[in-house]
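Any read-out appearing in this document is the output of simple, stated calculations on the displayed coordinates, not a laboratory observation. Predicted, not measured: the structure shown is a model, and the values here were computed from it. We place every Cβ from the backbone using ideal geometry, glycine too, and count neighbours over all the protein chains shown.
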Amino acid sequence: MPDGEVGFKCLECGHWDRYLSKLRRHVAGRHSNSRPHACLFCNHRSKTSSNRQVHLRIKHGVVLTNAQIEEMERKKAEGGGQQTF
Ligand SMILES: [Zn+2]
Ligand SMILES: [Zn+2]
């Protein structure tokens, strides 16, 4: 933050702006999609795929590789009614 200036700082990346409205726009544009990795079993979303693996293990007791998770997501998205699990 520049000397003698007041303003608002983004907690996600440290970006600073003098105006809250502008900072809000920055957050919405840059960080609204910052948790793209959705849990398969609940509404939890993770920032990174490895965070999601940790969540799955701790919250649901499931240990999966990212490849397995992506495969399950793909099948879920297809939603063809064929339950192969
Ligand atoms: Zn930011
Ligand atoms: Zn979950």
message: Which count do you get for residues in segment 50-67 that are surrounded by 14 or more Cβ atoms within 10 Å (Cβ to Cβ) and either of a type outside the set (A, V, I, L, M, F, W, C) or touching a Phe, Trp or Tyr at 6+ places or on another chain (Cβ under 6 Å) (or both)?
response: 5
- request: Give me a count of the residues in segment 38-63 that are more than 11 Å from ligand 2 (Cβ to nearest atom) and in contact with an Asp or Glu (Cβ under 9 Å, 6 or more places away or on another chain).
  value: 1
message: Looking for something of a type in the set (A, V, I, L, M) and within 11 Å of ligand 2 (Cβ to nearest atom) - is there at least one such residue anywhere in segment 26-37?
response: no
Residue pairs meeting the criteria (Cβ under 8 Å; at least 6 apart or on separate chains; first in contact (Cβ under 8 Å) with a residue 24 or more places away in the chain, in segment 58-70; second outside any helix (DSSP H, G or I)): I69/L40
query: Is it true that some residue in segment 34-48 is under 13 Å from the mean Cα position of the chain (by Cα) and farther than 25 Å from E78 by Cβ?
result: yes
